[in-house]
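Written out below as structure tokens is the structure these notes cover.
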Amino acid sequence: MFSRLFWLFEKGKAHKYLQEAYSQLNELASLLDENIHFLYKIQKELVSRNLGRTKYTMASTGALGVEKALFIEEELLKKLKKLSETTEIRFEESLKKSSKIRPVSKLEKEEILRTITFLEELKQNVPSLEKINNISDKEKLQKVENILRNITLLSRKYHDTEKGFTVIKRLGEEEISELLRTLYLAPEHHSQESSLLFYSVTHSQLRALEEESRKINECNDPDFYIKWRRWWRDMQVFEKDKTTPLKDPHINVTIKLFGGPKKDIHLLLAA
């Protein structure tokens, strides 16, 4: 998140003309960091309380909601804090006399405005915290889950735009590696749950799939895409997931190739 903006900050010096924008970014990032952190904390506390009272079930505890909101903790909150710190420094630099001599960066200005628009969208999805506190725990958990889900969806949209998916290319079967082709066409079915698909890969094969997924997704071909559940990570990690019957750590990925149906596949680490 915000990688393009951070890169522009590192590339060029602050400008007096952008003082107000730096200040607005700082205010939004600080406020959202505090409020979203509060919401995520509420969700985890309520789920932890539910798990302590009853045997684990997705429907009654809300644990699946925490799993789906992991992006909030792993990526968004960390980057909001960094954005708040960086824009504070940027604002201070813009106060120097020399900051108005050099020309303002058009790219930086455009990226700042785009990021402000995104943060304003997030802000609109975060209600007054007083309203959250004045409802029952059951309602509170459901409301917080919905808020964090919307924040994640908006972030995914911003992230995809940030990567600049502008190229549209029709892919052919010959451009898909044998590994990815086999993974999609012939995954294994779990013995206890036939609809659960899995496939074993080595670490080197996983790195190759990550690289291939980037190239495929950049083509923006609707008949070919690879979506990692942990989409914000550059490198995927094998993890345990209590919401599935799989006992071993795995990685969740959704794949669509050759215009066929999308398939949710669990990648296991090959022995």
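The values are calculated or read from the model by the stated rules, or taken from the named source; none is laboratory data. Quick caveat: nothing in here was measured; it's all calculated off a predicted structure. Cβ placement follows ideal geometry from the backbone for every residue including glycine, while neighbour counts extend to all protein chains displayed. Keep in mind that these areas ignore ligands, DNA and RNA; they rest on the heavy atoms of the full protein, side chains included. Shrake-Rupley method; radii C 1.70, N 1.55, O 1.52, S 1.80 Å.
Observations on the model:
- Matching residues in region 54-86 - criterion: being surrounded by 18 or more Cβ atoms within 10 Å (Cβ to Cβ), among the small types (Gly, Ala, Ser), at pLDDT below 85 and in a helix (DSSP H, G or I): 63, 65
- Considering 147, 116, 132, 89, the condition of being in a helix (DSSP H, G or I), modelled with pLDDT of 85 or more, buried (at least 17 other Cβ atoms within 10 Å of the Cβ) and among the β-branched types (Val, Ile, Thr) is satisfied by 147 alone.
- The set of residues in region 191-231 that are over 20 Å from residue 256 (Cβ atoms), open to solvent by less than 80 Å² (accessible area, probe 1.4 Å) and touching a residue at least 60 places away in the same chain (Cβ under 8 Å) comprises 200, 202.
- Selection count where residues are at pLDDT 90 or above, surrounded by 12 or more Cβ atoms within 10 Å (Cβ to Cβ) and of a type in the set (Val, Ile, Thr), scope region 232-262: 4
- Test for residue 254: is it touching a Lys or Arg at 6+ places or on another chain (Cβ under 7 Å) and of a type in the set (S, T, N, Q): yes
- Any hit, region 209-231, residues being at negative phi, acidic (Asp, Glu) and assigned to a loop (DSSP other than H, G, I, E, B): yes
- Selection count, region 241-264, where residues are outside any loop (DSSP other than H, G, I, E, B) and of a type outside the set (Lys, Arg): 7
- Residue that is surrounded by the fewest Cβ atoms within 10 Å (Cβ to Cβ), among those in region 155-190 that are modelled with pLDDT of 85 or more and assigned to a loop (DSSP other than H, G, I, E, B): 186
- Per the conditions (1) part of a loop (DSSP other than H, G, I, E, B); (2) surrounded by 15 or more Cβ atoms within 10 Å (Cβ to Cβ), the sole criterion not satisfied by residue 271 is (2).
- When residue 152 is tested against (1) within 26 Å of residue 9 (Cα to Cα); (2) open to solvent by 80 Å² or more (accessible area, probe 1.4 Å), exactly one condition is not met: (2).
Okay, residues lined up against (1) in contact with a Ser or Thr (Cβ under 8 Å, 6 or more places away or on another chain); (2) of a type in the set (A, V, I, L, M, F, W, C):
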position: 234; (1), (2): no, no
position: 245; (1), (2): no, no
position: 252; (1), (2): no, no
position: 256; (1), (2): no, no
position: 260; (1), (2): no, no
position: 264; (1), (2): yes, no
position: 268; (1), (2): yes, yes
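- Pairs with Cβ under 6 Å, 6+ apart, first in region 1-23 and open to solvent by 20 Å² or more (accessible area, probe 1.4 Å), second among the acidic types (Asp, Glu): 4/111; 4/162
- Scan of region 222-248 for residues that are acidic (Asp, Glu) and farther than 17 Å from residue 196 by Cβ, ordered by number: 223, 234
- Of all residues in region 257-271, those that are touching a strand residue (DSSP E or B) at 6+ places or on another chain (Cβ under 8 Å) and free of Cβ contacts under 8 Å to residues at least 40 places away in the same chain total 1.
- Checking each residue in region 24-41 for being open to solvent by 50 Å² or more (accessible area, probe 1.4 Å) and either aromatic (Phe, Trp, Tyr) or not in a helix (DSSP H, G or I) (or both) picks out only 38.
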